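Written out below as structure tokens is the structure these notes cover.
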Amino acid sequence: MTSANVSERLAAIDVLRGFDMFFLVGAGDVLRRFFHAFHSEAAGGILYQLDHVEWTGFTAWDIIMPLFLFTSGLSMPFSFSKFMRQGHTRGQLYLKIFRRFALLFLLGWIAQGNLLDLRADTFHIYCNTLHAIAFGYLITALIVLNVRHVKAQLATGLSLVVVYWACMTFIPVPGFGAGVFTPEGNLAIQIDHAVFGRFDDGTQYTWMLTSIAFGATVISGYFAGYLLKRDLSPERKLQLLSLTGAVLIAGGLLWGLQMPVIKKIWSCSMILLSSGICYLLLALSFLLTDKWKLSGWWVTGLRIFGLNAIAAYMLHTTFKLDRIAQALLHGLEQYAGDFYPFLLALGEFGILWFIIRHMYRHGIFLKV
């Protein structure tokens, strides 16, 4: 396989990751505020899809975090093989893996762990999407490097789902019993409360035990990347990606009859459902970028976001761009009425886009 072919196949990954970031840092908030201004039942249906479900269920907005984890695994077959082709040793690769794990944790603390407060009473140990990616990436990398055969890797990945399911289903929680999937009674949240104590983030999201499930999502992305890297025709790759996606979605819906689809505890049914959706989105991205060779402005735009996804995420979560937008656009409030929040969201996204595009043009990429 030539380096040119690898680069072409990576375009689908960049576009998919860029779509995820565009949805998170721009389109979602802009659309949410736009439809809020109409105060209608029709807008309410759209707004439902642009927000997280309270507990059980799954919306379009809920795919953002799983897709972020999925794409982190998606690029691993390419990045690992490139690293080894350059003459690096396995020891150096391990060092790279643990360095990435540490940097992701540090950025997660800055984004949502209140690290910059410099106060112990507001600090959260494990609380952020980047933390989930860090653990999912570490688990997947250790499996890939220590389990050589692909079938054995697949079996190990599936075992992560089974182990997590068994823990959540059969280990009893004091005062609640076993197999309880409520916000207060599930095993994962009880473990977080016990382990993190006053450093717990205080939300319904679970982290420590759920790291096993994060690993399952990342490794599902790894196998999708392995499939893209194989010497198969584009048609065959599309077939396999689409079929895998459909099977995973069906499996997730079926499993949901026993273990409901709950993103906040990363339930096993949610793992399968969200991974299936990610496979279908990858198939679409591959169809557009590799099969049909489309290269319009929207492809370039998504790639710009995809190549600097971490930078876009940190700018969106940490740098208060909304305040800059408000300083520039506050004079329009008297004219815009209910649409003023929409204009602010549009302005915030415009500022972010200007920064990310400037970084892209000057070859500045935040890599971890």
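Values for this structure:
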| quantity | calculated |
| --- | --- |
| For S79, solvent-accessible area (1.4 Å; no DNA, RNA or ligand), Å² | 50 |
| Nitroxide proxy distance, nm - points 7 Å out along Cα→Cβ at A120 and I46 | 5.0 |
| Reference-scaled alpha-carbon Rg (2.2 N^0.38 Å with N residues) for the range 17-111 | 1.53 |
| The range 78-142: projected area of the alpha-carbon convex hull, averaged over directions, in nm² | 4.9 |
| With all protein chains modelled, accessible area of H149 [1.4 Å, Å²] | 140 |
| Those lysines that a straight Cα-Cα span of less than 28 Å connects to K96, excepting residues fewer than 8 apart in one chain | K82, K151, K229, K367 |
| Cut-off 14 Å between beta-carbons: net charge of the residues surrounding I304, Lys and Arg +1, Asp and Glu -1 | +2 |
| Principal axis box of the range 121-195, alpha-carbon based, largest edge first, Å | 43, 33, 15 |
| Given charges at beta-carbon only (K, R positive; D, E negative), |dipole| of the chain in Debye | 1720 |
| Y137 accessible area, assembled protein chains, probe 1.4 Å, Å² | 10 |
| Amide H contacts under 5 Å for S267, placed H, 5+ residues apart | I262 |
| Integer Hz, Karplus 6.51/-1.76/1.60 couplings in order for the range 160-165, x for Gly and Pro | 4, 5, 5, 4, 5, 4 |
| Backbone HN-Hα couplings from phi across the range 58-73 [Karplus 6.51/-1.76/1.60, Hz, Gly and Pro as x] | 7, 10, 4, 5, 6, 7, 4, 5, x, 5, 4, 5, 4, 6, 5, x |
| Label point distance in nm, V163-L93, each placed 7 Å from Cα along Cα→Cβ | 2.1 |
| Radius of gyration, Dmax [the range 260-368; alpha carbons; angstrom] | 18.2, 49 |
| Inter-site label distance for V180 and R198 at 7 Å from Cα along Cβ, in nm | 2.7 |
| Derived scalar couplings ³J(HN,Hα) [the range 277-289; Karplus, 6.51 cos²θ - 1.76 cosθ + 1.60; whole Hz; x for Gly, Pro] | 4, 4, 4, 5, 5, 5, 4, 5, 4, 5, 4, 6, 8 |
| Rel. contact order, % - alpha carbon contacts under 8 angstrom, at least six apart, the chain | 26 |
| Average accessible area per residue (Å²) across the range 115-267 - probe 1.4 Å, nucleic acids and ligands excluded | 44 |
| Cα-based convex hull volume of the range 238-283 per residue, rounded to whole Å³ | 43 |
| Alpha-carbon Debye profile of the range 173-230, log10 I(q)/I(0) at 0.14 Å⁻¹ | -0.50 |
| Cα centre as origin, Lys/Arg/Asp/Glu Cβ charges: the range 322-368 dipole, Debye | 420 |
| Coordinate range along principal axes, alpha carbons of the range 126-265, Å, largest first | 54, 31, 23 |
| Counted charge near V173, where neighbours are those whose Cβ lies closer than 14 Å (Asp, Glu -1; Lys, Arg +1) | -2 |
| Sequence-distant residues sharing a close amide H with V173 (under 5 Å, placed H) | A178 |
| Solvent exposure ordering (accessible area, 1.4 Å, most first) of K264, K82 | K82, K264 |
| Summed residue charge, Cβ within 15 Å of W61's Cβ, Lys/Arg positive, Asp/Glu negative | -1 |
| Rounded to whole Å, sorted largest first: equivalent-ellipsoid semi-axes of the range 203-263, Cα gyration tensor | 28, 16, 7 |
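The values are calculated or read from the model by the stated rules, or taken from the named source; none is laboratory data. These numbers were taken from a predicted model, which means no experiment stands behind them. Using ideal geometry, Cβ is built from the backbone for each residue, glycine included, and neighbour counts are taken over all protein chains shown. Protein only, heavy atoms only, side chains kept; ligands, DNA and RNA dropped before computing areas. Shrake-Rupley method; radii C 1.70, N 1.55, O 1.52, S 1.80 Å.
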